[in-house]
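Before any comments, here is the structure.
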Amino acid sequence: MVNYAAPEPYRWETSFMVFYERLDDEHKGLFQSLFSIGTNRDSKAALKKCQDLMVGHFNYEQGIMSRANYSGFKEHKEIHDGFIAHLSKLTTPVSDEEVFYCKNWLAQHIKNIDFAYRGKL
Ligand code: FEO
């Protein structure tokens, strides 16, 4: 697995394109929500929004993969489930270490895992 640089400032950029419009739009929202946690570490609302967006995105993405009989579905879903379990345990104020971990996780996930479904859904 390649270790990609997370963008700084932290926002979606075209190198993260998966070429499905809704998925790219949702990814943009995930970047924004993690950026927001980083700048509002005490905000329970920012944390909750990020958790909700992440669950919604993963569910939508899994639905598409499932309908396309995507061969990597099971492993991909397990990776999603693991991150949701991690995210659901976070509390405010969110630590520097956690903000870094989550921001980096999303960048690595899109490029190493989501990219594998490009052109297959
Ligand atoms: Fe776009 Fe697998 O998350």
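Tell me, what is the FRET efficiency for residue 28 and residue 96 to the nearest 0.05, using R0 = 35 angstrom and their Cβ-Cβ distance as r? Once the sixth-power term is evaluated, E becomes 0.90. Annotation: for a label point projected 7 angstrom from Cα along Cα→Cβ of residue 1, residues of region 86-108 with backbone N closer than 12 Å are 104-108. Taking a Cβ cut-off of under 11 Å around residue 23, the surrounding Lys, Arg, Asp and Glu residues balance to a net charge of -3, with basic ones at +1 and acidic ones at -1. Once the Cα-Cα distance is subtracted from the 0.36 nm per residue extended length, the residue 75 to residue 87 segment shows a gain of 2.5 nm.
The residues of the chain have, on average, 57 Å² of accessible surface per residue, using a 1.4 Å probe with all protein chains present. In straight Cα distance, which aspartates and glutamates are under 18 Å from residue 120, not counting same-chain residues fewer than 8 positions off? Reachable aspartates and glutamates: 21, 24, 61, 75.
Students often forget the sequence filter, so: which lysines lie under 18 Å Cα-Cα from residue 48 once same-chain residues fewer than 8 apart are removed? Cross-link targets: 28, 89, 103. Taking 0.36 nm per residue of sequence separation and removing the Cα-Cα distance, the residue 120/residue 17 pair yields an extension gain of 35.6 nm.
Seen from residue 59, the other residues with C-beta closer than 13 Å to its C-beta sum to a net charge of -1, counting Lys and Arg as +1 and Asp and Glu as -1.
Relative to the current alpha-carbon distance between residue 8 and residue 66, full extension at 0.36 nm per residue lengthens the span by 17.6 nm.
The values are calculated or read from the model by the stated rules, or taken from the named source; none is laboratory data. Since the structure is predicted, the reported quantities are computational estimates derived from the model, not experimental observations. Using ideal geometry, Cβ is built from the backbone for each residue, glycine included, and neighbour counts are taken over all protein chains shown. These area figures cover heavy atoms from the full protein model, side chains too; ligands, DNA and RNA do not enter into them. Shrake-Rupley method; radii C 1.70, N 1.55, O 1.52, S 1.80 Å.
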